[in-house]
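Down below is the structure, laid out as structure tokens.
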Amino acid sequence: MSIAKYSCVLSSCDKTEWIEKICSWNSSFRNSSSCYGYVEIRLGKNVVIHKFLPYHIVTLSCFIELLRSKRYIVFLIIENLELKEFILNDISIKNYWNGEKLDHIDSPNSSRLNLWRIVEGKAEEYELSIHRFFSNKFPEVDFYMLKTCLAELYYNVFDHAKAGGNAFSYIYYEEVKKIIHIAICDFGRGIAKTIRDVYKDIDNDKDALLWSLKKGISARSNTHNAGFGLDTVVSALSEKSILRIVSNKALLICTKKGPSLETRMYDLPFYLQGSLIYFDLPIAGFEQLEINEEFTF
């Protein structure tokens, strides 16, 4: 018999359903006047490992972080045994909140960079670790743009999100399809709201997300950062890469098709207080390193 005061059930990996439920609970617990007690998060039998993607992991982690910051004790119930093994022993998710709050735990699986708690002052460590990981795996491939993109995204969290430390990233290389999957989530104020607070003539979240992609667009919150850096991320997308940004009540999807970039925007029926950025980068789209074996002195 459960002793949990609140039960939060995630019964499917469906993208919209998953994010909408997380957003609803985020709003309820964030605004709740009562703290302490027990909360059960249950992942149903249909939440299975082959459908459990980086954006599931980072949104779940942000939700757990919110609950822990409110002094709730969290019970994570995972019905699928294979997924339970992965979450508890590969991600080692409990160790991010048991005792000392750890920022990162290495995965036993060499294809995963595992979960990172995004902590200010450690961006360079994250970038170097990720660059080293993929450069060792593919020594002939140039990952400089990946390193640059991640730097911009991490600084975006530090400089603009005001998330109070509630931000996570997860990176996974899918061997079969040869795609790098990256997800970064924070439960801050959100890119769209940040833009609209500064640019008062923008009156909806869709236009705010589109505006955030423009070069040099800034929230004016930090002098070392000229803008959100999202223009750098978009310009680095290679063939068949897909970038998705969910923030506040809007979704923006950018798909690279040949020399052109297809951009689509949608209103959402729910509100994400924060930002979720996740993208898929095919390895084939990265440039090859140029190696010059002749040296002249």
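The values are calculated or read from the model by the stated rules, or taken from the named source; none is laboratory data. Please read all numbers here as calculations on a predicted model, not as lab measurements. Methodologically, a virtual Cβ is constructed for each residue, glycine included, from the backbone with ideal geometry; neighbour enumeration extends over all protein chains shown. Just so you know, the surface numbers come from the protein's heavy atoms only, side chains and all, with ligands and any DNA or RNA stripped out. Shrake-Rupley method; radii C 1.70, N 1.55, O 1.52, S 1.80 Å.
Computed values, structure above
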read-out	value
Distance violations [Cα-Cα > 19 Å] among 162/206; 15/147; 45/178; 101/122; 94/147	162/206; 15/147; 45/178; 94/147
Per residue solvent-accessible surface (Å²) - the chain, probe of 1.4 Å	49
Charge dipole (the chain, unit charges on Cβ, about Cα centre) - positive-most of 104, 255, 74	74
Cross-link partners of residue 257 among aspartates and glutamates (Cα-Cα below 16 Å; sequence separation of 8 or more within a chain)	239, 280
Solvent-accessible area, 1.4 Å probe, carbon plus sulfur percent, for the chain	51
Estimated inter-spin distance, residue 75 and residue 200, nm [label 7 Å along Cα→Cβ]	5.1
For the stretch 131-153 versus the stretch 8-63, the gap between their alpha-carbon centres in whole angstrom	31
The chain: calculated mean residue ellipticity at 222 nm from DSSP helix runs of at least 4, using -39500 (n - 2.57)	-9000 deg cm²/dmol
Angle between the chain longest axis and helix 54-69 axis [Cα atoms, degrees, rounded to 10]	50
Across 51/249; 5/177; 137/256, pairs whose alpha-carbon gap is larger than 31 Å	5/177
Solvent-accessible surface (1.4 angstrom probe) belonging to residue 148, in square angstrom, nearest 10	30
